[in-house]
Amino acid sequence: GTFLTETGDFRYLEGQVIGKKLYLSVFDGAHAWLFIAKMMEDGTLSGIYRSGSHYTTDWNARRDDTAALSDPYTLTRALDDKALQFSFMNTKMERVSLNDSAFEGKAKIVQLMGTWCPNCLDETRFLQEYFKNNPDQNLAWISLCFERYKDTLSSMAAIRRFEEKTGVNHTVLWAGNYAKTEASKALPQLNQITAYPTLLFLDRQNRIVKIHTGFNGPATKEYAAFKDEFSKIIAELHTNH
């Protein structure tokens, strides 16, 4: 099972029910998550969530067949309809801008992510698969990495490890610190950044057409629906002049 939130999901969790207690956990080499809950007489769940050895909090749940999350396309929005502007460095210490000739005349997807973020890794793998299956589209993919480090050397080293691990061959840039207040300053045209990843869909004139917050990965039933939505949005970008 998994937990789905407005900022993403908890990926694949595995566990069992023993008596009146529920156990769900995962360890993927970088993240260790554990959910424990007691099934109460009234049908609710009351438990504890642990993330690694440094974070613990209570959690409670009750069944609600009408519950729904907010539309991920409404959480972050552009403050105007002007062309998006940014200029950040790649791991070769070269400054890259949306106005560079390599992106001229292309629709674009701009991925706001962090190399430390498991949902970002899932989204990256999805995008890799999409581009592998659709290699001829006039579409550019740019990843803006917001890292836990504040210094350039550590951040660039983390991005290089990410590039080597995933084998990505698109444009990956260091955009700054992962604190959402800092990230919002790096892209002042957005009203806010609430989650990693966040995906910006840009037309050929670099205007923001849609923004998708979070990522529902392959552990969720929403994953298949997102794949269909993504293809439709890309088709719209190519017809938008």
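The values are calculated or read from the model by the stated rules, or taken from the named source; none is laboratory data. It should be emphasised that the depicted structure is a prediction, and the values quoted were computed from it without experimental measurement. When we count neighbours, we look across all protein chains shown, and the Cβ atoms used for this are built from the backbone with ideal geometry, even at glycine. Remember, those area values only see protein heavy atoms, side chains included, never the ligands or the DNA or RNA. Shrake-Rupley method; radii C 1.70, N 1.55, O 1.52, S 1.80 Å.
Quick notes
- Checking each residue in segment 142-156 for being open to solvent by 30 Å² or more (accessible area, probe 1.4 Å) and either in a loop (DSSP other than H, G, I, E, B) or of a type in the set (A, V, I, L, M, F, W, C) (or both) picks out R148, Y149, K150, D151, L153.
- Residue check, R63 of a type in the set (K, R) and under 23 Å from the mean Cα position of the chain (by Cα): no
- Test result for A175, out of contact with any helix residue (DSSP H, G or I) (no Cβ under 8 Å at 6 or more places or on another chain), among the hydrophobic types (A, V, I, L, M, F, W, C) and either surrounded by fewer than 20 Cβ atoms within 10 Å (Cβ to Cβ) or not in a loop (DSSP other than H, G, I, E, B) (or both): no
- Residue ID - least open to solvent (accessible area, probe 1.4 Å), chosen from residues in segment 87-118 that are farther than 25 Å from T152 by Cβ, touching a residue at least 60 places away in the same chain (Cβ under 8 Å) and not in a strand (DSSP E or B): G105
- Close Cβ contacts (under 7 Å, 6 or more residues apart or on different chains) running from residues in segment 20-37 that are free of Cβ contacts under 8 Å to residues at least 60 places away in the same chain to residues that are buried (at least 18 other Cβ atoms within 10 Å of the Cβ) and outside any strand (DSSP E or B) comprise V26/R11; W33/F10.
- Residue count, segment 70-85 (criterion: in a loop (DSSP other than H, G, I, E, B), open to solvent by less than 90 Å² (accessible area, probe 1.4 Å) and either hydrophobic (A, V, I, L, M, F, W, C) or over 18 Å from L199 (Cβ atoms) (or both)): 3
- Only listed residue being surrounded by 15 or more Cβ atoms within 10 Å (Cβ to Cβ) and at pLDDT below 95, chosen from R50, R11: R11
- Residue check, I193 open to solvent by less than 40 Å² (accessible area, probe 1.4 Å), in contact with a Lys or Arg (Cβ under 6 Å, 6 or more places away or on another chain) and either farther than 14 Å from W116 by Cα or assigned to a strand (DSSP E or B) (or both): yes
- Where a residue in segment 145-169 is closer than 13 Å to C120 by Cβ and its partner, wherever it lies, is open to solvent by 100 Å² or more (accessible area, probe 1.4 Å), with Cβ under 9 Å and at least six apart: A158/R148; T166/R125
- So D64, is it within 30 Å of S97 (Cβ to Cβ), charged (D, E, K, R) and open to solvent by 60 Å² or more (accessible area, probe 1.4 Å): no
- Per-region count, segment 3-30, residues more than 20 Å from T198 (Cβ to Cβ) and assigned to a loop (DSSP other than H, G, I, E, B): 7
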